[in-house]
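Inspection log for the structure reproduced underneath, given as structure tokens.
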Amino acid sequence: YSKLKSYHTIILVKNLKGLRNLYELISMSHLEFYHKQPRIPKTRLMQHRDGLIVRSACEAGELYRALLDMKPKEQIENIVGFYDYLEIQPVGNNMFMIDSDRVPAVNSVDDIKNFNRKIVQLGEEYNKPVVATCDCHFIDPEDSVYRKILMYAKGFEDAENQPPLYFRTTEEIKAEYPQIPAYETYDELLEAIKKVLA
């Protein structure tokens with residue numbers, strides 16, 4: 001596990017069984033699979049998946065990375081099949097990729113928009129809900145200074161370049177993604193996901 005590539009994911013709890021499974025996974029990640037940071041092997045996540053809802057996450061997630069790396073359709077299909085629902089984020093969150101040598105697939109704002117469109121298309125094709133999130137790391141835009149300090153402490157040379165990872169209202173998210181249906185509450189989103197999983 002220490003040599004394998006790791007990806008971000010989002011795990012939500014839908015019942016008490018899921019809560020227990022999440023606690024077990026978190027304990028495992030710190031006690032058995034810690035490597036620079038806590039990790040959860042995919043095999044363990046699958047073993048403890050009952051009661052959990054798993055989302056594809058940001059550009060550091062498995063799906064987004066596979067799209068950036070132009071993986072074959074069969075591999076993309078397998079990845080999409082693993083997740084209960086998919087995620088896209090505002091363009092501003094991923095602007096850093098345009099100037100990054102590590103992301104040759106992204107050279108413009110249009111490229112970022114196209115990756116979002118591709119994820120929405122995959123959701124439609126494989127009957128997976130797609131949610132638009134703000135990937136909130138802090139509440140107000142000016143709070144980015146605290147994240148900047150933390151990133152400098154971790155050795156990030158580009159810590160000065162903070163994406164807009166502040167909390168956005170439902171109206172702000174709707175404005176960013178007018179084509180995505182809006183779920184006003186977590187319960188509404190959960191109901192939409194349950195319908196697909198039924």
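The values are calculated or read from the model by the stated rules, or taken from the named source; none is laboratory data. For clarity, every value in this text was computed on a predicted model and none was experimentally measured. Using ideal geometry, Cβ is built from the backbone for each residue, glycine included, and neighbour counts are taken over all protein chains shown. Side chains included, ligands, DNA and RNA excluded: accessible areas come from the protein's heavy atoms. Shrake-Rupley method; radii C 1.70, N 1.55, O 1.52, S 1.80 Å.
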- prompt: Okay, helix-only estimate at 222 nm for the chain: each DSSP H run of n ≥ 4 adds -39500 (n - 2.57), divide by all residues, round to 500 deg cm²/dmol; what do you get?
  reply: -13000 deg cm²/dmol
Carbon and sulfur %, accessible surface of the chain computed with the full protein complex present, 1.4 Å: 53
- prompt: If you average the sequence gap of Cα pairs under 8 Å that are 6 or more apart and divide by the length of the chain, what percent do you get for the contact order?
  reply: 17
task: Could you check which residue among Leu25, Leu16, Leu68 shows the biggest mean-square fluctuation in a GNM of the chain with a 10 Å Cα cutoff?
output: Leu16
- prompt: Per-residue HN-Hα couplings for the range 35-52, Karplus 6.51 cos²θ - 1.76 cosθ + 1.60 at θ = phi - 60°, whole Hz, x for Gly and Pro?
  reply: 8, 6, 7, x, 10, 10, x, 4, 4, 5, 4, 5, 5, 10, 7, 4, x, 10
- line: In terms of the charge dipole of the range 1-152, which places +1 on Lys and Arg and -1 on Asp and Glu at the beta carbon, the residue among Ile112, Gln89, Gln37 farthest towards the positive end is Gln37
message: Just to be sure I understand: of the beta bridges DSSP finds with both ends in the chain, what percent are antiparallel, rounded to 5?
response: 45
task: Would you list, by chain and number, the lysines whose Cα falls below 24 Å from the Cα of Lys17, excluding same-chain residues fewer than 8 positions away?
output: Lys42, Lys128, Lys194, Lys195
field: Local electrostatic count, Asp50, Cβ distance below 10 Å [Lys/Arg +1, Asp/Glu -1]
entry: +4
task: For Lys174, list the aspartates and glutamates whose Cα falls under 12 Å from its own Cα; do not include residues on the same chain fewer than 8 positions away.
output: Glu184
task: Find out how many positive minus negative residues lie around Pro178, taking Lys and Arg as positive, Asp and Glu as negative, among other residues whose Cβ is under 15 Å from that of Pro178.
output: +1
query: Helix by helix, which DSSP H runs in the chain go 15 Å or more along their axis at the Cα atoms and have an average Kyte-Doolittle hydropathy of -1.0 or more?
result: 16-31, 109-125, 186-197
message: Given a Förster distance of 22 Å, report the FRET efficiency between Lys73 and Lys5 from their Cβ-Cβ distance, rounded to the nearest 0.05.
response: 0.60
